[in-house]
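What follows is a short report on a single structure.
What follows draws every value from the coordinates through simple rules; no lab data is involved. Values in this document were obtained by computation on a predicted structure and should not be read as measured data. Methodologically, a virtual Cβ is constructed for each residue, glycine included, from the backbone with ideal geometry; neighbour enumeration extends over all protein chains shown.
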Amino acid sequence: MITGTRRQLLASAAAALAAPALLPRMARAAGDPIRVGLVTPATGPLAFFAEPDDFILSQFAAALSEGANGRPIEIIVKDSQSSASRAAEITAELILKDEVALVLSAGGPDTVNPVADQCELNGVPSLSTACPWQPYVFGRGSTPEQGFENTFLFAFGLEDIIAAYLKMWDGAEVNRKVGLLLANDADGNAWGDAEFGFPPALAAAGYEVTDPGRYSPMADDFTAQIAAFRQAGVDIVMGTMVPPEFLTYWTQAQQQGLHSKIATIGKCLLLPSVLDSVGPSGDGLSCELGWHPAYPFTSTATGQNAAQIAEAWTAATGRPWVQTIGLKHALLELAVDVLKRSADPADPASVIEAIRGTDVETTIGRANWQTSPIANVAKASMLGGQWHRGDGGWQLDLVSNPTDQPIPVSHPLDLM
């Protein structure tokens, strides 16, 4: 979580960026496009979140052209460069210069939180996904009861990731000793939180936790963490990392003789390209699973089910499906649905009313803010997956489903 002092500094900086919002917004003609901003980490260590962007926009071309209220929808894409400060800056540009009616974001709290903060300060609606609700809510100085005025999240929570991991590990022949790999950033601090993070949940489930402390983001030496895990004799290593961090850790762990029976790492293992960089030692790595072609949901905007979306991706790119396709597809689905139901997309209050009244099926599940116990957060499900390498390349198998969703497990967890 952000400390009080740091939160004050961030709020002051954000307020400075937001100050020009007091200027009047230009009225737009009835036939002008409805402008929507998409803040995405197209470059930098979080770029894997943005890989599906061009494909998803092409899939929604007809829906965007049809638009809402007789007006087409124009998506203005801006690259955050995987920087929180850059994300805040370009969100201010979208609001003040481009005069967008809605801002979209996805890619963890380092992308989502600064975008949402700028929208909250400027009174502009935002929709986000691919970020646990705890860093989104607590990291922005709110509570599940209080919420926000203008900003909304459709995503899982840490409790869902924890449930998926515990279900995945259940029954494995291991010593129930777990080592934590967590950075000193919004994600790592949330995952390691002593109240709602992994440590108390693992202890309650009977696991012994070795937590060597938070490493610096983009660290290039994990010797201390590896030594702590070896000394404790951990069989399971888990955490949340960006790809460069994980590749460095994994290489050093192999070199220093740490061979985990289970390695479940969040965020960085969403794409098979990371496994290509790891090589054969990556066979059996596991991660959270927020979307899969086996999901039984159909997009109301494009009419595609999850399997058809995955097939369209492979046909367009020649590459295997990736989880982030489903997450971005759901985000665009929500934007189109909300703007269609909004009485006046130029009126923030009208857009917010439409968001609050959402009840729509997306490719990652049904989004409904009205039924959620967490203010401004609509919950999505989370499953567990494991990578296996076959003749056709890397395959992400569905190995745990702690939810009540009718999504069948396709493979038991294998020890590495």
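Data table
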quantity	calculated
DSSP bridge pairs, the chain: antiparallel proportion in percent, nearest 5	30
Neighbour cut-off at most 14 other Cβ (10 Å), DSSP loop, GluC sites (Glu not before Pro), region 76-176	Glu145, Glu149, Glu173
Neighbour-limited loop hits for trypsin sites (Lys or Arg not before Pro), region 84-171 (at most 14 other Cβ within 10 Å; DSSP other than H, G, I, E, B)	Lys97
Cα long-axis angle, helix 243-255 against the chain (0 to 90 degrees, to the nearest 10)	0
Dipole magnitude of the chain, debye to nearest 20 (Cβ charges: Lys/Arg +1, Asp/Glu -1, about Cα centre)	280
Helix-only mean residue ellipticity at 222 nm for the chain, each DSSP H run of n ≥ 4 adding -39500 (n - 2.57), per residue, nearest 500	-11000 deg cm²/dmol
In sequence order, calculated HN-Hα J values of region 204-217 (Karplus, 6.51, -1.76, 1.60; Hz; x Gly/Pro)	5, 8, x, 9, 9, 9, 10, 10, x, x, 7, 8, 6, x
HN-Hα J in Hz across region 391-405 - Karplus 6.51, -1.76, 1.60, θ = phi - 60°, x for Gly and Pro	4, x, x, 7, 10, 9, 8, 7, 10, 8, 9, x, 9, 9, 6
Amide H within-cut-off set for Asn368, under 5 Å, with H built and near neighbours excluded	Lys379
Length-normalised contact order for region 348-403 - Cα pairs under 8 Å, 6+ apart - percent	21
Folded to 0 to 90 degrees: helix 4-18 orientation relative to the chain principal axis, Cα	30
Size of charge dipole - region 285-416 - debye, nearest 20, with Cβ of Lys, Arg +1 and Asp, Glu -1, no other charges	120
Positive-end extreme of charge dipole, the chain - chosen from Gly107, Asn189, Ala172 (charges on Cβ)	Asn189
Among Arg319, Arg230, Arg176: highest mean-square fluctuation, GNM of the chain, C-alpha pairs under 10 Å	Arg319
Proximal lysines to Lys340, defined as alpha-carbon separation beneath 28 angstrom and excluding residues fewer than eight positions away on the same chain	Lys78, Lys97, Lys328, Lys379
Gaussian network model of the chain, Cα within-10 Å springs - most flexible of Leu158, Leu327, Leu38	Leu158
Per-peptide average of other Cβ atoms within 10 Å, ordering 72-80, 352-360, 101-109 highest first	101-109, 72-80, 352-360
For region 162-173, 3J(HN,Hα) per residue [Karplus equation, 6.51 cos²θ - 1.76 cosθ + 1.60, θ = phi - 60°, Hz, x = Gly/Pro]	4, 4, 5, 5, 4, 5, 5, 7, 4, x, 5, 7
Between 0 and 90°, nearest 10: helix 84-96 axis offset from the chain longest Cα axis	10
